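Participant: This structure is in C-alpha cells; I'll ask about it shortly.
Read-outs throughout are calculated quantities, based only on the coordinates presented, and are distinct from any laboratory measurement. No experiment lies behind these values; they were computed from the predicted model shown. Here the Cβ is made from the backbone with ideal geometry for all residues, glycine too, and neighbour counts use every protein chain on show.
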2 protein chains.
Amino acid sequence: MLTRPDPSDRNGAVQLLKDFIAEHAFAPGDRLPAERELIGRLGVTRSNLRKALDALEREGAIWRHVGKGTFVAEQGDGREDGLDLSLLAEIGHQITPVKMMRARQCIEAVIAREAAINASRQAVKKITEIKDRAKAAETWQDYEAQDDLFHHAIAEATDNILLLTLFEQLNKVRRAVAVNTVIRETVRPPESHTSFAEHDRICAAIAARDPKAAHDAMWQHISSVSARLFGEV
Amino acid sequence: MLTRPDPSDRNGAVQLLKDFIAEHAFAPGDRLPAERELIGRLGVTRSNLRKALDALEREGAIWRHVGKGTFVAEQGDGREDGLDLSLLAEIGHQITPVKMMRARQCIEAVIAREAAINASRQAVKKITEIKDRAKAAETWQDYEAQDDLFHHAIAEATDNILLLTLFEQLNKVRRAVAVNTVIRETVRPPESHTSFAEHDRICAAIAARDPKAAHDAMWQHISSVSARLFGEV
DNA sequence: CAAAAAAATTGGTTGTGATTGATCTGAAAT
DNA sequence: ATTTCAGATCAATCACAACCAATTTTTTTG
C-alpha cells in the first residue's frame, strides 16, 4: 500500500484550528489562547488539539514555547504549498532542456534501481504490459503516452511515495519545457526504434532484481533519448 | 451434496448492513457504531457481522482500524494525478521515516555525484566553509542548521536548478516527517561525531571532482545518519 | 524600591482506564 | 465433521488527568 487512508487529521481538528485563527484575525506574532482554553473554545480534546498544533508547527504556521505560549509565525517564508507549484512551473521557463534531461537522467536512474529492489510481482507485471503496449503503438502520440506510463509505473514500483512524488514533479517540469522540436519522419515508431530495446533491458533488469543493471539501463535509455533530442551526446 | 457455506445468510447480513448505512446517511469519513453495538442494532451475531464488514472492506466501501473504529471510505480513489500540490504537503504525514530517509539517500547521493561533476570553484569553497563551521558548532541546534546548509550548498553546486528544487522539496518533506528526535547526551557535537569525517570525505570527493567517490560518500553518510535515527541498519 | 521567593501559567510528557477491531477458545448447532 | 456462536483475551487507540519543566506574574521581604 502506498497510501494510507487518514493517519492524523480525523475529525478535521486542523481545519477547525485554522478557521479559528482566521476568524479571530490573528496577526503574525500574536499569541493565541492557551491549549487548555482552546480545547473549550473548539470543543476538541487536548490530544487532538495538540496534534493539530503539531501539524501547524511542522508547516511553519505557528511557533510555540513552554511557559510563553503559542504564536502565529511570521509568514516571511512564503515557502508554503502555494509556492511549490508556482516555483515549479517557473522552472520550466528557467531551465534549459539539456539540464532538464540531465536531472531526469539522474533521478530516473536511481528510481529504476530502487524499483529493481522493491518492485512487487504485480508491479513488474504492470511495467511489462505497458512496455509491450508501447511497442505496439500505432502512432507517435500513442507511443509517447505509453512511454509516460512506462516511466510512471517504474516510479510506482519503488514502493516509496516520496520518490514517486518527486518523479511526478520532475515530469511536470519536463512537460513544461519546450522540447517538441523533434521532427517525426514516420507516422509510427519503427520496429527498430532504439527505445524498444532499451525498455526491454530496463524491464528485464527490474524483473531480475538487478539494481545496478536497472540503473545503468535507465541511464543509457535517457542518454540516448537526449542524444536524439539534441543531436549529439 | 457438498456442504455449502450458505451465502444467503451472509448476503442477508451484508444487505442489512448496507441498509443500515444508507438509512442513517453515513457520509464518507463518518464512523459507524462499534461492532458490539451494531450486533444489537442489527440483530445479528458478531461473526456474521464481521463477515459482512469483511466483504464491505474488500469492496473498499469501508476501512477499519483497531482502537479507532470502522469508517465509510472516501469514494474517489484518493490517488490520482493533478493534486501533487497538496499531496506534497501531506506526504509528511503519509510516509514512514524509514522510507523518507531511503529517498533522501537515493536523491542526495546522485546530487553529490552531479556536484562533483559541475561544482564551480566558488561552490567548492562555500561547501568547505560550511563544513568547517558545522564542525565548530557550539550547540546541536547550530550544528543542525549548518548541516542543513551543507547539504543545500551541495545541491546548489550541481548547477542544476531542477535538482536543487527537487532537493528542496525533499527537504521540506524531511522537516515535516515526525521523526522522533534523538536524545542528545552532550550539549554540543563531540569531536568524534562520525558525521564530521563523513562530511570531510564528501567535501574532498567533490573538490577532487571524483563523482563516484562523492556519490558513495554521501550514500554512506546518510546511511549512518539513518542508522543513528533508527538504531541499526 | 529592589531583590528574592512564591504562586500561577503554559507547552510538554506520562500513566491509567475505557473503547475498539482482531483473534482465540470451547461449546452448541447443523 | 464442519460451521456457528458466545465469551474471553489481545493489541491498538484515545480521552482524561496528573505531573513536569520553562516562563511569567505576583507576593514577600530586607
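Participant: Skipping prolines and chain starts, which residues have an amide H placed within reach, meaning under 5 Å, of the one on B:ILE62, given they are 5 or more residues away or on another chain?
Facilitator: Under 5 Å from the amide H of B:ILE62 lie the amide H atoms of B:GLU57, B:ALA73, each far enough along the sequence or on another chain.
Participant: Can you pull the Rg over Rh of the stretch B:7-72, Cα-only, Kirkwood? Spell out each step's value before the answer.
Facilitator: On the way: Rg = 10.8 Å, Rh = 11.8 Å.
Answer for the stretch B:7-72: 0.92.
Participant: Need one value for B:105-114: mean number of C-beta atoms belonging to other chains within 10 Å of its residues' C-beta atoms. Walk me through the numbers on the way to the answer.
Facilitator: Values: counts 2, 12, 7, 0, 2, 8, 3, 0, 2, 4.
Whole-number average of other-chain Cβ neighbours for B:105-114 is 4.
Participant: For Cα pairs less than 8 Å apart in space and 6+ apart in sequence, what is the mean separation divided by the residue count of the stretch B:116-158, i.e. the relative contact order in percent? Write out the running numbers ahead of the final one.
Facilitator: Working: 32 pairs, mean separation 23.4, N = 43.
Averaging sequence separation for qualifying contacts and normalising by length gives 55 percent for the stretch B:116-158.
Participant: Do any of A:LYS51/B:LYS68; A:LYS125/B:LYS172; A:LYS99/A:LYS126 go past 23 Å between their Cα atoms, and which?
Facilitator: From the list (A:LYS51/B:LYS68; A:LYS125/B:LYS172; A:LYS99/A:LYS126), the Cα-Cα distance tops 23 Å for A:LYS125/B:LYS172; A:LYS99/A:LYS126.
Participant: Within 10 Å, count the other beta carbons around each residue, average over each peptide in A:124-132, A:158-166, A:57-65, and list them highest first.
Facilitator: On the way: A:124-132: 18.3, A:158-166: 24.2, A:57-65: 16.4.
Per-residue mean Cβ counts within 10 Å order the peptides as A:158-166, A:124-132, A:57-65.
Participant: Another question about this same structure. So the label point sits 7 Å from Cα along the Cα-to-Cβ vector; using that for B:THR139, what distances do you get to the other copies, in nanometres, sorted shortest first?
Facilitator: So the label point of B:THR139 gives 6.3 nm to the other copies.
Participant: Can I ask one more? Looking only at other chains, what is the average number of their beta-carbon atoms within 10 angstrom of each beta-carbon in A:147-159?
Facilitator: Mean partner shielding for this stretch: 1.
Participant: Using a cut-off of 12 Å between beta-carbons, work out the net charge of the residues near A:CYS106 (Lys and Arg +1, Asp and Glu -1, A:CYS106 not included). Numbers along the way, then the final one.
Facilitator: Numbers: positive: A:LYS99, A:ARG102, A:ARG104, A:ARG113, B:ARG113; negative: A:GLU108, B:GLU108, B:GLU114.
Neighbour charge sum, excluding A:CYS106 itself: +2.
Participant: In terms of modelled amide H atoms, which long-range or inter-chain residues lie less than 5 Å from the amide H of A:GLY12?
Facilitator: none
Participant: If you don't mind, there's one more thing I want to ask. What does the structure give for A:165-174 when I average, per residue, the other chain Cβ atoms found within 10 Å of the residue Cβ?
Facilitator: On the way: counts 11, 12, 1, 5, 9, 5, 2, 2, 4, 1.
Neighbouring Cβ atoms belonging to other protein chains average 5 per residue here.
Participant: Ordered shortest first, which distances in nm separate the 7 Å Cα→C-beta label point of A:ASP30 from those of the other copies?
Facilitator: Ordered by distance, the counterparts are at 3.5 nm.
Participant: Moving on. Order A:16-25, B:146-155 from most to least packed using the mean count of other Cβ atoms within 10 Å.
Facilitator: Top of the packing list down: B:146-155, A:16-25.
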